[in-house]
Amino acid sequence: KSEFIPPGDDIQRRRRIIGLDVSEEYVTTGEKYWIKAGVDDIIDFRVGDAKNSLKMMLEEEDFGENSVDMCFIDADKVSYDDYYEKCLRLTKKGGLIVVDNTLWGGRVLTPDSMLTSAAANNEDNGKYRFEDTIAIKALNKKIFNDTRVERVCFLTIADGVTICRKK
């Protein structure tokens with residue numbers, strides 16, 4: 001069954017998309033497409049450190065705990081755990097948390113001892129930094145064992161995407 005939701009309906013007034021990034025570049029790139037699609041009025045793009053932005057959202061009257069339907073995490077990898085914890089607080093029961101880059105070029109399969117040694121020796125690994133790999137691998141393990149979520153899906157597309165639902 002499909003149902004038409006009139007433009008003045010409360011659901012229409014409450015819908016919004018919040019984007020967080022450290023770069024103004026993505027606002028500039030995306031804005032013309034938001035306008036063309038007619039959704040610019042529901043997009044709230046916040047430039048700055050995402051850890052601070054998420055913390056502020058948890059404190060805002062419009063947000064707070066259990067206030068969003070979905071969070072998508074794709075940011076600095078060493079902070080993934082912090083983003084995950086804040087997103088868990090923001091996400092409603094039954095809401096989704098989607099984490100990008102959870103395969104990390106297959107590097108998450110590297111034994112912990114090799115990663116720790118390479119990171120301690122400041123070895124250069126190009127795009128796939130050892131510190132990032134350690135953080136992503138730790139979050140993958142955490143999500144797998146986290147009783148606060150159901151791990152709905154681990155997609156092996158691109159660089160890996162994990163989708164979990166908050167209990």
Quick check on my filter: what residues within the range 129-166 are in contact with a strand residue (DSSP E or B) (Cβ under 6 Å, 6 or more places away or on another chain) and basic (Lys, Arg)? 151, 165, 166
Of (1) open to solvent by less than 80 Å² (accessible area, probe 1.4 Å); (2) in a loop (DSSP other than H, G, I, E, B); (3) not hydroxyl-bearing (Ser, Thr, Tyr), residue 137 fails just (2)
Select, from 46, 89, the only residue that is open to solvent by less than 80 Å² (accessible area, probe 1.4 Å) and touching a helix residue (DSSP H, G or I) at 6+ places or on another chain (Cβ under 7 Å). 46
Only residues that are hydrophobic (A, V, I, L, M, F, W, C), modelled with pLDDT under 90 and open to solvent by 50 Å² or more (accessible area, probe 1.4 Å): list them for the range 110-134, please. 114, 120
Taking residue 29 as the residue in question, decide whether it is β-branched (Val, Ile, Thr) and surrounded by 12 or more Cβ atoms within 10 Å (Cβ to Cβ). no
The correct count of residues that are in contact with a Lys or Arg (Cβ under 7 Å, 6 or more places away or on another chain) and free of Cβ contacts under 8 Å to residues at least 12 places away in the same chain in the range 65-111 is 0
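The values are calculated or read from the model by the stated rules, or taken from the named source; none is laboratory data. Nothing here was measured: the structure is a model prediction, and the numbers come from that model. Cβ coordinates were reconstructed from backbone atoms using ideal geometry, including for glycine residues, and neighbour counts include every protein chain displayed. SASA here: full protein model, heavy atoms, side chains in, ligands and nucleic acids out. Shrake-Rupley method; radii C 1.70, N 1.55, O 1.52, S 1.80 Å.
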